[in-house]
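Student: One structure follows; several queries about it will come next.
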Amino acid sequence: MISKRFSRQIAFAAFGTDGQVRLGKGRAMVVGVGGLGSWVAELLVRAGVGMLRICDDDSVELSNLHRQALYVEADAAQWPLKAEAAAKRLSAINSDCQIEPFCERIDRLTIHRAAKEIEVIIDATDNFETRFLINDYAVKYSVPWVSAGVMEGEGQVMTLMPGTTPCLRCILPSAPSCCAGDSNACFQFGVLGPVVAAMASMQAVEAVKLLADFADKASPCLTKFDLWNNTLQRIPLSTLGPVADCPCCGRKEFDYLEP
Ligand SMILES: [Zn+2]
């Protein structure tokens, strides 16, 4: 079953059957099944991840469809919860994958339940409050995570591994002013749908590496893509930290997790 379904993936020698078997036991969580999360979830489920918990308390609406690949017009007409609609679609794609919808907002009270037994967290959120919360959780419990953001024709991706790379607060001490307090502030700038898919694909590859025990192949850089102007910038994470007096990974003050 494994060899037939995943034959093209196993044929990639660096990944191989061993990688596929390890991925099949992997447990991941996608925070937000909107633009980024829809694509990441589908890619991981098609790739053969063992278990995927998909977290979102939002409902599907028409303005989602240009970039949120798991939903169709019938969903937008009925306003189902995204996590439930996504779980149905993902189960139809790969019934061997254990899909767990989690239809609550991720906050300091719910994150422990949502991230229980999770090996890799994928940040597909649209706000910095949740990113800093994930960062606190990831550092405290030593869980690697893959973060991405998109806006207009640009996107960026980075893989943060507690104990190896800087944490989010080493890189960004607090939320950018354009996004502080209002999770929808960034949406005024809009985003091109395919840019979302490109960043989500990068996240999915990184998650596959971590889940299949190829953490040494994880990108060592914060990678910024401007797909509109065709530029690429790679900033080695090692030049960004760890920062010795970082409140999170340095002083172990988890302000977002334990206010
Ligand atoms: Zn830090």
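The values are calculated or read from the model by the stated rules, or taken from the named source; none is laboratory data. Remember, it's a predicted structure, so these values are computed and weren't measured experimentally. As a convention, Cβ positions derive from the backbone with ideal geometry for all residues, glycine included, and neighbour counts pool all protein chains shown. Just the protein is used for accessible areas: all its heavy atoms, side chains included, with ligands, DNA and RNA removed. Shrake-Rupley method; radii C 1.70, N 1.55, O 1.52, S 1.80 Å.
Student: Taking the Cα-to-Cβ direction at A175 and at S201 and moving 7 Å from each Cα, how far apart do the two end points lie in nm?
Tutor: It is 3.1 nm.
Student: Tell me the carbon and sulfur percent of the accessible area for region 2-239, rounded to whole percent, probe radius 1.4 Å.
Tutor: That share works out to 53 percent.
Student: Which of the helices in the chain, when you take each full DSSP H run, stretch at least 15 Å along the axis at their Cα atoms and have an average Kyte-Doolittle score of 0.0 or higher? Provide the component values of the computation, followed by the final result.
Tutor: Working: long enough: 35-47 (19 Å, 0.99); 82-93 (16 Å, 0.06); 128-141 (19 Å, -0.16); 193-211 (27 Å, 1.24).
Result, helices passing both filters: 35-47, 82-93, 193-211.
Student: Using each residue's phi in region 215-228, evaluate 6.51 cos²θ - 1.76 cosθ + 1.60 at θ = phi - 60° and report the 3J(HN,Hα) Karplus result to the nearest Hz, with x for Gly and Pro.
Tutor: Here the 3J(HN,Hα) series is 4, 5, 8, 4, 4, x, 10, 7, 10, 10, 10, 10, 6, 7 Hz.
Student: Okay, next question. Restricting the count to DSSP beta bridges whose residues both fall in region 2-239, what percent are antiparallel, rounded to a multiple of 5?
Tutor: Approximately 50 percent, going by the DSSP bridge assignments.
Student: Here's a follow-up. Can you run phi through the Karplus equation (6.51, -1.76, 1.60; θ = phi - 60°) for region 64-73 and list ³J(HN,Hα) in whole Hz, with x for Gly and Pro?
Tutor: For region 64-73, the Karplus-derived couplings read 7, 5, 6, 9, 9, 6, 7, 10, 10, 4 Hz, x marking Gly and Pro.
Student: Separate question: For Q233 and R251 in the same chain, what is the full-extension length gain: residue separation times 0.36 nm, less their Cα-Cα distance, in nm?
Tutor: Gain in length upon complete extension: 3.4 nm.
Student: Quick one: divide the alpha-carbon radius of gyration of region 72-167 by 2.2 N^0.38 Å and tell me what you get.
Tutor: 1.22
Student: Which one of F214, F225, F12 has the biggest mean-square fluctuation once the chain is modelled by GNM with Cα springs under 10 Å?
Tutor: Maximum fluctuation in the GNM of the chain, among the listed residues, is at F12.
Student: If you don't mind, another one. Which far-off residues, 5 or more places away or on another chain, put their amide H under 5 Å from the one on K25, with H placed in the peptide plane?
Tutor: Close amide H contacts, sequence-distant or interchain: G50.
Student: Still on this model: Quick one: net charge around V60, please, counting Lys, Arg +1 and Asp, Glu -1 for every other residue with C-beta under 12 Å from its C-beta.
Tutor: Once all neighbours under 12 Å are counted, the net charge is -3.
Student: Between E73 and R5, what is 0.36 nm times their sequence separation minus the Cα-Cα distance? Round to one decimal in nm. Write out the running numbers ahead of the final one.
Tutor: On the way: separation 68, 0.36 × 68 = 24.48 nm, distance 2.92 nm.
Here the segment from E73 to R5 would lengthen by 21.6 nm.
Student: Let me ask you something else. How long is region 112-259 along each principal axis, judged by its Cα atoms, biggest number first, in Å?
Tutor: Sorted largest first, the three principal extents are 39, 36, 32 Å.
Student: Could I ask something else about it? Starting from the Cα of D226, step 7 Å toward the Cβ, then list every residue of region 134-173 with an amide N under 14 Å from that point.
Tutor: Those under the cut-off are 151-156.
Student: Give me the accessible area per residue for region 55-149, probe 1.4 Å, as a whole number in Å².
Tutor: Numbers: 4310 Å² over 95 residues.
Counting only protein heavy atoms, the per-residue value for region 55-149 is 45 Å².
Student: How many nm separate the modelled label positions at A215 and F189, each set 7 Å beyond the Cα in the direction of the Cβ?
Tutor: Inter-label distance under the simple model: 3.2 nm.
Student: Past the 21 Å Cα-Cα mark, which pairs from K4/K25; K82/K217; K25/K209?
Tutor: K82/K217, as the Cα separations exceed 21 Å there.
Student: In addition: Rg to Rh for region 2-239: what is it, with Cα atoms only and Rh by Kirkwood?
Tutor: Values: Rg = 16.8 Å, Rh = 17.9 Å.
Taking Rh as the inverse mean 1/r over Cα pairs, Rg/Rh reads 0.94.
Student: With the contact rule set at Cα under 8 Å and sequence spacing of 6 or more, what percent relative contact order holds for the chain?
Tutor: The normalised contact order for the chain reaches 20 percent.
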